[in-house]
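The values are calculated or read from the model by the stated rules, or taken from the named source; none is laboratory data. Because the structure is predicted, anything quoted here is derived from the model rather than measured. Note that each Cβ is placed from the backbone with ideal geometry, even for glycine, and that neighbours are counted across all protein chains shown. Quick note on the areas: whole protein, heavy atoms, side chains included, nothing else; ligands and nucleic acids left out. Shrake-Rupley method; radii C 1.70, N 1.55, O 1.52, S 1.80 Å.
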Amino acid sequence: MPWPMRQSAITLGLLAGWLGSAAANGVVAFEVVGDAIPAPLTTAPADAARGRAIVASRQTGLCLLCHRGPFPEVRFQGNLAPDLGGAGARWSAAQLRLRLVDGRRLDPQSIMPAYHRVDGLVDVAAAWQGRPLLSAQQIEDVVAYLVTLKE
């Protein structure tokens, strides 16, 4: 096979391998446009109630370790990151989606975890290596909830 065709075949093979591993580890492909991911990560409807539960959970989202927000039932909310109250007024769903998926694309020094990325991370606990912190559906549920926070 001539070199250009062989090179194309290798590139396609590597791309297919990456896509296969991305699908295997649960990470959904997405496109960043400016400071946002415009397209939802799933075709299933998002559920704001599930999103609220994820945000408030000390086992799933862990959001309230750093953020605070309209969660009167949750004690000891964080103050290291922006208040989630009013998040839906400050950012669009697409902007919130990127901040959840991989906020370091916007600020490389951010302490915000990449909730839907597995490549290039360091100091990842063995149980989480190669797995996103939140599934694509969980990301969409959290986005659905956060956009409701207008005040």
Counting Lys and Arg as +1 and Asp and Glu as -1, what is the net charge of the other residues whose Cβ lies under 10 Å from the Cβ of Ser110?
-> +1
If we count every other residue with Cβ under 9 angstrom of Asp141's Cβ, Lys/Arg +1 and Asp/Glu -1, where does the sum land?
-> 0
Relative contact order for segment 26-151: what is it in percent, counting Cα pairs under 8 Å that are at least 6 residues apart?
-> 38 percent
Figure the gain on full extension for Thr60 and Asp47 (residue separation times 0.36 nm, minus the Cα-Cα span) and round it to one decimal in nm.
-> 3.1 nm
Carbon and sulfur together cover what percent of the accessible area of segment 106-147 at a 1.4 Å probe radius?
-> 57 percent
Would you kindly give the portion of the calculated P(r) for segment 43-151 that falls above 21 Å, as a percent of all Cα pairs?
-> 31 percent
Residues with amide H under 5 Å from that of Ala36, placed H, sequence gap 5 or more | none
Sketch the reach of a paramagnetic label on Leu106 as a point 7 Å from Cα along Cα-to-Cβ, and name the residues of segment 71-92 whose backbone nitrogen lies under 19 Å away.
-> 78-92
Taking r as the C-beta separation of Glu151 and Glu31 and R0 as 30 Å, the FRET efficiency to the nearest 0.05 is 0.45
